[in-house]
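K.L.:
Please see the structure below; I have some questions.
The values are calculated or read from the model by the stated rules, or taken from the named source; none is laboratory data. All values reported here derive from a predicted model rather than from experimental measurement. Cβ sites come from the backbone with ideal geometry, for glycine too, and all protein chains shown count toward neighbours.
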């Protein structure tokens, strides 16, 4: 029951490594030899000191935060039907509270973006609450929780036929005691052997909850066993669902296949930088703390080191000195760490670079950053697609369409930001757009949209609101004064 997909087994170590690195120094050091191998013949005490002296420069987390910040430099836009219709009101409620925990759809999208940038994968189950609020809501699952999945040919296309989700549930009746146990939520597409009229498609969606058998029974049997504790068939308009309402989120597409982590290369170099830093600090420790040695002194005598003490030896030829590491090899580690920091900057951590003294033209900066932004833009476009699918499922729950795919972009659409340049629209472009509008080449709505993209107009202000502000302005547009 808890068997995992081969792609899950293949990628799980990379996901866990990414989680540790992004969590910071404490998590990386807790990983011990997994991230920092022992030196030859090091004792446990020596290794602990070796590890504690090292510093972890978390460029990966800084990059992830920067990427999320760039995508949400502008608020995402969600197109939904007018609230005059029932489906519009339902979608409006979903945009305000996507997961029934008070999280807006914009904040939910930010959580999705952070998961995908961190580990390259996430998933959303679009479920229906049928007890109190009677509405659709979203549940976000991390890559580690989606342990198994299958595809098959149904309804003339490849669709999800199985998704297994690992969850944790609270068992204790005492609210002050945390007694959590693992459970599996199995989403199946089941074939209707009877092919009854209400299930004319031949397949329907079924949910199963499996829990571990109680500890006593497990102890007797000597193995872990799963027991089905719940089975239900969700219905819409009195009929079972023809598909599994689950959406995958990925950096390149919203399909079930596992993609490479967007930060994989940066994380690898970041860990290499950590190991180099450990060796550098190890050498620095012995360079700064030389070891005293003596020859010809009485072994039983106690010798103290200090400016106010003197050593007297009765043995002729007695001598003393310090064993001191010259430290010349430390420059090799310094150069290697500098190289790693430059590599991380090339791979996306541009903020790690020192400020350039030479002044670059705005066009040169745009050209240099365009390559860096292309990967991030691909993530943004992919997640715009998956968030649109999410809106389609919510629309479908509140409509009479046969399948969610029948709901086009003219009804629902999610768009995340793909313009990551902090530079606003230059004055030359503003004048050119205004001239094109005055010449009748573009409409006033198109001009407003261009200004909104160029951050001339503030986000959230509609064209009608802007037109009203222009009408009420004491300075009239040139076109009106000429007329």
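K.L.:
Kindly list the number of the only condition in (1) surrounded by 18 or more Cβ atoms within 10 Å (Cβ to Cβ); (2) outside any loop (DSSP other than H, G, I, E, B) that fails for residue 52.
P.N.:
Of (1) surrounded by 18 or more Cβ atoms within 10 Å (Cβ to Cβ); (2) outside any loop (DSSP other than H, G, I, E, B), only one is false for residue 52: (1).
K.L.:
Considering every residue within the range 323-344, establish whether at least one is farther than 30 Å from residue 62 by Cβ, surrounded by fewer than 10 Cβ atoms within 10 Å (Cβ to Cβ) and modelled with pLDDT of 70 or more.
P.N.:
Yes: one or more hits.
K.L.:
Filter the range 406-420 for residues that are touching a residue at least 40 places away in the same chain (Cβ under 8 Å) and not in a loop (DSSP other than H, G, I, E, B); which is surrounded by the most Cβ atoms within 10 Å (Cβ to Cβ)?
P.N.:
414
K.L.:
Could you tell me which of the residues 152, 185, 169 is in a strand (DSSP E or B), closer than 23 Å to residue 391 by Cα and touching a residue at least 24 places away in the same chain (Cβ under 8 Å)?
P.N.:
From the options 152, 185, 169, the qualifying one is 185.
K.L.:
Can you pull out the residues in the range 227-241 that are out of contact with any helix residue (DSSP H, G or I) (no Cβ under 7 Å at 6 or more places or on another chain), over 21 Å from residue 387 (Cα atoms) and free of Cβ contacts under 8 Å to residues at least 60 places away in the same chain?
P.N.:
Once the filter is applied, which keeps residues that are out of contact with any helix residue (DSSP H, G or I) (no Cβ under 7 Å at 6 or more places or on another chain), over 21 Å from residue 387 (Cα atoms) and free of Cβ contacts under 8 Å to residues at least 60 places away in the same chain, the range 227-241 yields 227, 228, 229, 230, 231, 232, 233, 235, 238.
K.L.:
Considering only the range 133-149, state which residues are under 27 Å from residue 213 (Cβ atoms) and in a strand (DSSP E or B).
P.N.:
Of everything in the range 133-149, those that are under 27 Å from residue 213 (Cβ atoms) and in a strand (DSSP E or B) turn out to be 139, 141, 142, 146, 147, 148, 149.
K.L.:
Further question on the same structure: Can you confirm whether residue 251 is in a loop (DSSP other than H, G, I, E, B), at pLDDT 90 or above, surrounded by 15 or more Cβ atoms within 10 Å (Cβ to Cβ) and in contact with a strand residue (DSSP E or B) (Cβ under 9 Å, 6 or more places away or on another chain)?
P.N.:
No: the conditions fail for residue 251.
K.L.:
A further question on this structure: Checking the structure you have, find out if any residue of the range 107-123 is farther than 29 Å from residue 68 by Cβ and either part of a helix (DSSP H, G or I) or touching a strand residue (DSSP E or B) at 6+ places or on another chain (Cβ under 9 Å) (or both).
P.N.:
no
K.L.:
May I pose another question? Tell me, please, whether a residue that is closer than 30 Å to residue 12 by Cα, surrounded by 15 or more Cβ atoms within 10 Å (Cβ to Cβ) and modelled with pLDDT of 80 or more can be found in the range 280-290.
P.N.:
Within the range 280-290, none of the residues are closer than 30 Å to residue 12 by Cα, surrounded by 15 or more Cβ atoms within 10 Å (Cβ to Cβ) and modelled with pLDDT of 80 or more.
K.L.:
Could you check how many residues of the range 424-450 are out of contact with any helix residue (DSSP H, G or I) (no Cβ under 7 Å at 6 or more places or on another chain), within 22 Å of residue 79 (Cβ to Cβ) and part of a helix (DSSP H, G or I)?
P.N.:
Selection size over the range 424-450: 2.
K.L.:
If residue 47 satisfies all but one of (1) farther than 23 Å from residue 142 by Cβ; (2) surrounded by fewer than 14 Cβ atoms within 10 Å (Cβ to Cβ); (3) out of contact with any helix residue (DSSP H, G or I) (no Cβ under 6 Å at 6 or more places or on another chain), what's the number of the condition it fails?
P.N.:
For residue 47, the exception is condition (2).
K.L.:
Consider residue 22 carefully, then state whether it is touching a residue at least 60 places away in the same chain (Cβ under 8 Å), in a loop (DSSP other than H, G, I, E, B) and crowded, with 16+ Cβ neighbours inside 10 Å.
P.N.:
Answer is no for this residue.
K.L.:
List the pairs whose first member sits in the range 284-300 and is on the phi > 0 side of the Ramachandran plot, whose second member is surrounded by 10 or more Cβ atoms within 10 Å (Cβ to Cβ) and assigned to a loop (DSSP other than H, G, I, E, B), and whose Cβ atoms are under 8 Å apart, counting only residues at least 6 apart or on separate chains?
P.N.:
Going by the 8 Å Cβ cut-off, the qualifying pairs are 296/313; 296/315; 296/318.
K.L.:
For the range 83-96, state whether one or more residues are buried (at least 18 other Cβ atoms within 10 Å of the Cβ) and not in a helix (DSSP H, G or I).
P.N.:
no
K.L.:
Can you go through 184, 165 and tell me which one is at pLDDT 80 or above, touching a helix residue (DSSP H, G or I) at 6+ places or on another chain (Cβ under 9 Å), surrounded by 13 or more Cβ atoms within 10 Å (Cβ to Cβ) and within 25 Å of residue 4 (Cα to Cα)?
P.N.:
Exactly one of 184, 165 is at pLDDT 80 or above, touching a helix residue (DSSP H, G or I) at 6+ places or on another chain (Cβ under 9 Å), surrounded by 13 or more Cβ atoms within 10 Å (Cβ to Cβ) and within 25 Å of residue 4 (Cα to Cα), namely 165.
K.L.:
Select, from 304, 275, the only residue that is out of contact with any helix residue (DSSP H, G or I) (no Cβ under 8 Å at 6 or more places or on another chain) and assigned to a helix (DSSP H, G or I).
P.N.:
275
K.L.:
From the list 244, 267, pick out the single residue that is more than 27 Å from residue 334 (Cα to Cα) and either touching a helix residue (DSSP H, G or I) at 6+ places or on another chain (Cβ under 8 Å) or surrounded by 15 or more Cβ atoms within 10 Å (Cβ to Cβ) (or both).
P.N.:
It is 244.
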